[in-house]
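Values quoted throughout were computed directly from the atomic coordinates according to the rules given, and no laboratory measurement underlies them. Quick caveat: nothing in here was measured; it's all calculated off a predicted structure. Using ideal geometry, Cβ is built from the backbone for each residue, glycine included, and neighbour counts are taken over all protein chains shown.
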Amino acid sequence: MNVGVAHSEVNPNTRVMNSRGMWLTYALGVGMLHIVLLSIPFFSVPVAWTLTNVIHNLGMYVFLHAVKGTPFETPDQGKARLLTHWEQLDYGVQFTSSRKFFTISPIILYFLTSFYTKYDSTHFILNTTSLLTVLIPKLPQLHGVRIFGINKY
Amino acid sequence: INHIVHNGGLYKRPFNEAFEETPMLVAVLTYVGYGVLTLFGYLRDFMRQWKIEKCQNATEREEQKDFVPLYQDFENFYNRNLYMRIRDSWNRPICSVPGAKVDMMERVSHDYNWTFTYTGRVVKDIINMGSYNYLGFAQKAGTCQEAAAKVLSHYGAGVCSTRQEMGNLDKHEELEKLVARFLGVESAMAYGMGFATNSMNIPALVGKGCLILSDELNHASLVLGARLSGATIRIFKHNNMQSLEKLLKDAIVHGQPRTRRPWKKILILVEGIYSMEGSIVRLPEVIALKKKYKSYLYLDEAHSIGALGPSGRGVVEYFGLSPEDVDVMMGTFTKSFGAAGGYIGGKKELIDYLRTYSHSAVYATSLSPPVVEQIITSMKCIMGEDGTTVGKARVQQLAENTRYFRRRLKEMGFIIYGNEDSPVVPLMLYMPAKIGAFGREMLKRNIGVVVVGFPATPIIESRARFCLSAAHTKEMLDTALKEINEVGDLLQLKYSRHRLVPLLDRPFDETTYEETED
């Protein structure tokens, strides 16, 4: 089973986020994470929300902006080997619906978290920094940019 | 309820094609499955890297650890963490002719599919639902085999030369005249390998400055031939005539990308039956579009020649159209004729041009004589020229088998893709674990099937593909259906919600983006 056996899509990674049910699965996943954190008795509600936000942003950063390339060999001689999954989405076309959805969802989570932590200062600083780590790499100006050469190869 | 497409009366018979939409719960569970497998894959990779678990993949030598790595090991992630777990459903060694029943060597694995050992036992009489044996000509006894054996003793097995040098036998000329008569075209040319026919001849037909409009789900040989030619490639949605028309209009209005010059040629690449979907091309509409916008049509009938049409002449006869409308008719002898190789048929000027300029003709060895004789005998049998009605009976048996099998599977409640008349039947499995489970359970019950998953198909659409044959008797099909029913209940594969109005188009999103060439 290799890429390109049954279709002419060169890099299936570009279309994974558009597939049927992916957004719903993502939302359910975040919801499940939050419920699990809420059920641990040591965490108060603000701590649980901040933890949800931070873990979600950490996971999103790792899978969308840190891991490069494709987990399978593509027939295009590795054009996407140095690109993160976010940069591969829709072959680099900006402002598609998947990109908008994944930009808006951490912002919504941030709003909810700020509300439930009652705008406390420590929580605010933590949540804002983690939101920035996940929003800044999504800017179109940072497409393909590697600051200080981190994660270049 | 039949969906009869009234398109100005282009279709003379009902065109029933349906791709039922994935149930949302199944899609979510499929993603959860792939997510769990990914997380476990990362865990196992971590354990392998820190030597907690033995790494059974190939690794670099110790002395070369500081060099620039030769491969990116992330590209092997899917292979070692997902494919290896279910690898025993593919590459199964068979040891008899792949007819309606086949013998397989039994193999076991003691280290979770990293290595296989043969027990030495041969599992006999497995019902073969995976071979492209549409008319049942894959047999080891019969007129075809006797004729091929005689030619083998006369001509030998090898040709040892290319067509243009010393490899042009009188058998090849006879074959080409027969193929031209079979298809109803002026002239034809035969090549040694079906894949090479596509990939070596499309570059001879189009070049830089031409436009190729190719279907989304075209086979790798067509994609490779299109890329090798150097023409601009634009992809239209699968079997979607509005998408094709839009691309044609845009191409003719805007011309070539920067210079705005008119295109030298526009070639539409379609297949007769798409083997992974089981869908049939909407040929009447494609021909109408081709005539309206004055472009050329290349029809790849690899799976449909011999399998469709009242006398087995392919998708052109199935729709009742004239073969003169299709500019290049390509096909293979591997599927319905039980041989090897491919052909291209068309006008005499075109074939004469290809005889000189095709890469296969100049550089590739020509067809082997016993194979040619097998093709000649089986084609004469299908046409009825050998004096019996065996050919016609086979074509009718295939059509009956197709209708019966598809109807029974739909009644059982499975989701089946594709057209009602196509002998390729994809049964949707969706979840990654079910791919492996289905293959193994069917083998336990003595039925051999082909299963396909991601990344060869879109991520949620893994499937099992059945290829029906005229050699399957009704008893074999009933046995197979009974077993499929049992496995379907065991694995809970009966997803169909028996919608009265099935979806006509493939369940994809509206906009797709394509790779832009530099």
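Separation of segment B:278-315 and segment B:343-358 by C-alpha centroid, Å?
Using only Cα atoms, the two centres lie 19 Å from each other.
Could you work out Rg/(2.2 N^0.38 Å) for segment B:143-383, with Rg from alpha carbons only?
Against the empirical 2.2 N^0.38 Å value, I get 1.02 for segment B:143-383.
Take the residue pairs B:LYS392/B:LYS482; B:LYS124/B:LYS237; B:LYS434/B:LYS474; B:LYS12/B:LYS494 and return only those whose Cα atoms are more than 31 Å apart.
Flagged as over cut-off: B:LYS124/B:LYS237; B:LYS12/B:LYS494.
Counting DSSP beta bridges in segment B:143-383, what percent are antiparallel, to the nearest 5?
40
Considering the options B:PRO432, B:CYS381, B:ILE266, tell which one lies farthest towards the positive end of the dipole of chain B, charges being +1 on Lys and Arg and -1 on Asp and Glu at the Cβ, about the Cα centre.
B:CYS381
Cα convex hull of chain B: mean projected area in nm², to one decimal?
With every direction weighted equally, the projected area is 27.7 nm².
Report the Cα centroid-to-centroid distance between segment A:59-74 and segment B:84-104 in angstrom, as an integer.
Their Cα centres are 35 Å away from one another.
Using amide H atoms built 1.01 Å from N in the peptide plane, name the residues 5+ places from B:GLU271, or on other chains, whose amide H lies under 5 Å from its own.
Amide H neighbours of B:GLU271: B:ASP300.
Antiparallel as a % of all DSSP beta bridges within the protein assembly as shown, to the nearest 5? Please report the intermediate quantities before stating the final value.
Numbers: 31 of 50 bridges.
Taking every DSSP beta bridge within the protein assembly as shown, about 60 percent pair in antiparallel fashion.
Using the alpha-carbon centroid of each, what span in Å lies between segment B:203-237 and segment B:107-146?
Here the answer is 35 Å between Cα centres.
Pairs B:LYS150/B:LYS347; B:LYS294/B:LYS347; B:LYS291/B:LYS410; A:LYS138/B:LYS246: which exceed 26 Å Cα-Cα?
Cα-Cα > 26 Å for B:LYS150/B:LYS347; B:LYS291/B:LYS410; A:LYS138/B:LYS246; rest within.
Within chain B, what percent of beta bridges assigned by DSSP are antiparallel, to the nearest 5?
Around 60 percent antiparallel, to the nearest 5.
Place a point 7 Å from Cα of A:THR128 in the direction of its Cβ. Which residues in segment A:40-64 have their backbone N less than 16 Å from it?
none
Could you run the Karplus curve 6.51 cos²θ - 1.76 cosθ + 1.60 with θ = phi - 60° over segment A:91-103 and give me ³J(HN,Hα) per residue in whole Hz, x for Gly and Pro?
Rounded to whole hertz, the list is 6, x, 6, 8, 6, 7, 5, 4, 5, 5, 4, 6, 7.
In sequence order, what are the phi-derived ³J(HN,Hα) couplings for segment B:471-479 according to the Karplus relation 6.51 cos²θ - 1.76 cosθ + 1.60 with θ = phi - 60°, rounded to whole Hz, with x for glycine and proline?
7, 6, 7, 5, 5, 5, 5, 5, 4
Where does each of A:81-93, B:222-234 land if you order them by average Cβ count within 10 Å, highest first? Could you put the intermediate results ahead of the total?
Details: A:81-93: 18.5, B:222-234: 20.4.
Most protected by this proxy first, the peptides run B:222-234, A:81-93.
Using unit Cβ charges (K, R positive; D, E negative) and no other charged atoms, how large, in debye to the nearest 20, is the dipole of chain B about its Cα centre?
Roughly 460 debye for chain B.
Can you run phi through the Karplus equation (6.51, -1.76, 1.60; θ = phi - 60°) for segment B:459-465 and list ³J(HN,Hα) in whole Hz, with x for Gly and Pro?
Once θ is set to phi - 60°, the couplings for segment B:459-465 become 4, 9, 10, 6, 8, 10, 10 Hz.
Once all Cα-Cα distances of segment A:17-142 are split into 10 Å bins that start at 0, what whole-number percent is in each one?
12, 39, 31, 14, 3, 0
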